[in-house]
Amino acid sequence: LSTFDTIIFEKKDKIAYVTLNRPQALNAYNTRMRDELYQALGAIKDDDEIQVAIFKGAGDKAFCAGADITEFLSAPSATVARQVRFERDVWGLFLSIPQPLIAAIHGFCLGSGIEIALCCDMRICSEDARFGLPEVGLGIIPAAGGTQTLPRTIGRGKALEMLLSGNLMEAEEAYRIGLVNRVVPKGEVIPAAEQLARKIMEQAPLAVRAAKQAVNRGLDMTLEQGLALERELAMPLMFSEDTREGLKAFKEGRKPEFGGK
């Protein structure tokens, strides 16, 4: 357990937990949270014992209600205030994490909250989750990847509808369009995320990381380039201890014991 002011960072049974911890402000994203997330993400990336990370929000009302407007749109100017967000590339670091990341979402997930969730590989939400991108109503646009990650997840039309209208989207609609992987009853989002994490952890660690890399990098390639990337990532796995253990366990009819080497 590491001590921060705006997040809680824990590691248990090879799962990292990052809790956005400003419940009195609906877990709004501010510069302090940016700095602390940067540290936590670096710790996850560098820790080979961590196989999956779960991101969640403290309190009952929100995963993250977006950027802290009182901070980002205050003196000396909106431009300077928002420029602070780029001093540390939290979003680039998010996307470079080799381990699978799961967002466990409840309540409001707005603006930067959606952008954090979209930097994760999978999203599970509770029935009370509400999604929205209110930036255009403030005279700005998302600047932490939302205009790029959202259409890649739900398609151009739906992404533009969310971005341009500022309308809130309910959980079932978010599931229908593919913004979230699953909707669960209120209070069950963390257990559901942990269940998914444990299922992932039953698989071969090196293969899990390679599959994530193949999908994420391949989305920005032509099909031909993506297939070449897949072959490139697949070949080293053929000679790994995990592959030998997986094949041996399959032949013996038992559960494999992977070591990740």
Please work out if residue 202 is among the acidic types (Asp, Glu) and free of Cβ contacts under 8 Å to residues at least 40 places away in the same chain.
-> no
Note on residue 86: of the conditions (1) at pLDDT 80 or above; (2) closer than 21 Å to residue 148 by Cα; (3) surrounded by fewer than 23 Cβ atoms within 10 Å (Cβ to Cβ); (4) not hydroxyl-bearing (Ser, Thr, Tyr), unmet is (1)
With respect to residue 133, determine if the residue is surrounded by 20 or more Cβ atoms within 10 Å (Cβ to Cβ), out of contact with any Phe, Trp or Tyr (no Cβ under 6 Å at 6 or more places or on another chain) and in contact (Cβ under 8 Å) with a residue 12 or more places away in the chain.
-> yes
Region 97-122 residues that are farther than 11 Å from residue 63 by Cα and free of Cβ contacts under 8 Å to residues at least 24 places away in the same chain, paired with ones that are part of a helix (DSSP H, G or I) and open to solvent by less than 10 Å² (accessible area, probe 1.4 Å) (beta carbon under 8 Å, 6 or more apart) | none
Of the residues in region 15-58, how many are touching a Pro at 6+ places or on another chain (Cβ under 8 Å) and without any contact (Cβ under 8 Å) to a residue 24 or more places away in the chain?
-> 0
Can you pull out the residues in region 1-26 that are open to solvent by 60 Å² or more (accessible area, probe 1.4 Å), farther than 17 Å from residue 193 by Cβ and charged (D, E, K, R)?
-> 5
For region 236-261, enumerate the residues that are of a type in the set (Phe, Trp, Tyr) and either open to solvent by less than 100 Å² (accessible area, probe 1.4 Å) or assigned to a loop (DSSP other than H, G, I, E, B) (or both).
-> 239, 258
State yes or no: is residue 195 within 24 Å of residue 149 (Cα to Cα) and open to solvent by 60 Å² or more (accessible area, probe 1.4 Å)?
-> no
Failed condition for residue 99, given (1) over 10 Å from the mean Cα position of the chain (by Cα); (2) under 23 Å from residue 163 (Cβ atoms); (3) modelled with pLDDT of 95 or more; (4) not hydrophobic (A, V, I, L, M, F, W, C) = (2)
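The values are calculated or read from the model by the stated rules, or taken from the named source; none is laboratory data. On a predicted model such as this, the values are computed, not experimentally measured, just so you know. All Cβ positions, even for glycine, are placed from backbone atoms using ideal geometry, and neighbour counts span all protein chains on display. Calculation scope for accessible area: heavy atoms of the full protein, side chains included, ligands and nucleic acids excluded. Shrake-Rupley method; radii C 1.70, N 1.55, O 1.52, S 1.80 Å.
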